[in-house]
Amino acid sequence: MANRHTIILMQASQNRSSRTFMDYNSISQSMDGICGLYERKLKDINPTIRNITYDITDLYNFIDGLVDLSALVYDHSIQAFLPYDRQWIKQRMFQHLKKLAQQ
């Protein structure tokens with residue numbers, strides 16, 4: 001599963017102009033990218049707090065708070081992108097963070 005080109009499609013608010021995408025070389029990098037989005041939001045909300053901590057529930061709430069979030073992951077065997085939903089992203093996020101914690 002390493003190095004599977006992943007595109008994250010996101011809509012942050014009801015405003016259609018908030019639609020965007022983020023392009024990554026792997027699923028792991030895309031999970032880091034979503035964490036980075038959340039961390040930037042936390043820093044924007046709490047500019048005076050130097051060290052901000054959060055848990056998986058906070059991250060899940062951020063993900064659930066987005067109007068839309070999905071992933072397109074390239075499958076080399078069929079040479080096409082496969083779509084995945086928000087629930088899949090949350091499952092992959094848990095696996096990703098668990099793996100990072102074990103390192």
### Query
Of L42, L59, L72, which is the most mobile in a GNM of the chain whose springs link Cα atoms less than 10 angstrom apart?
L42
### Summary
Whole-percent carbon and sulfur contribution to the accessible surface of the chain (1.4 Å, no ligands, DNA or RNA) stands at 50 percent
### Message
If each residue of separation counts as 0.36 nm, what is the full-extension length gain between Q103 and T48 once their alpha-carbon separation is subtracted?
### Response
16.8 nm
### Query
Nearest 20 debye, what's the magnitude of the dipole of the stretch 36-76 about its Cα centre given +1 on Lys and Arg Cβ and -1 on Asp and Glu Cβ?
300 debye
#### Entry: Descending principal axes extents, the stretch 54-103, alpha-carbon based, whole Å
37, 32, 10
### Message
Using the Cα centre of the stretch 5-60 as the reference point, and only Cβ charges (+1 on K/R, -1 on D/E), how large is the resulting charge dipole? Debye, rounded to the nearest 20.
### Response
240 debye
### Task
Report the trypsin sites (Lys or Arg not before Pro) located in the stretch 16-51 that are in a DSSP loop and have at most 10 other Cβ atoms inside 10 Å of their Cβ, or state none.
R50
### Message
Which of I56, I89, I78 ends up with the largest GNM mean-square fluctuation for the chain, with Cα atoms connected below 10 Å?
### Response
I78
### Message
Tell me the per residue accessible area of the chain using a 1.4 Å probe; a whole number in Å² is fine.
### Response
67 Å²
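The values are calculated or read from the model by the stated rules, or taken from the named source; none is laboratory data. Model, not experiment: these values are computed from the prediction. Glycine gets a Cβ as well: all are built from the backbone with ideal geometry, and neighbour counts include every protein chain shown. Side chains are part of the model used for accessible areas, which takes the heavy atoms of the whole protein and leaves out ligands, DNA and RNA. Shrake-Rupley method; radii C 1.70, N 1.55, O 1.52, S 1.80 Å.
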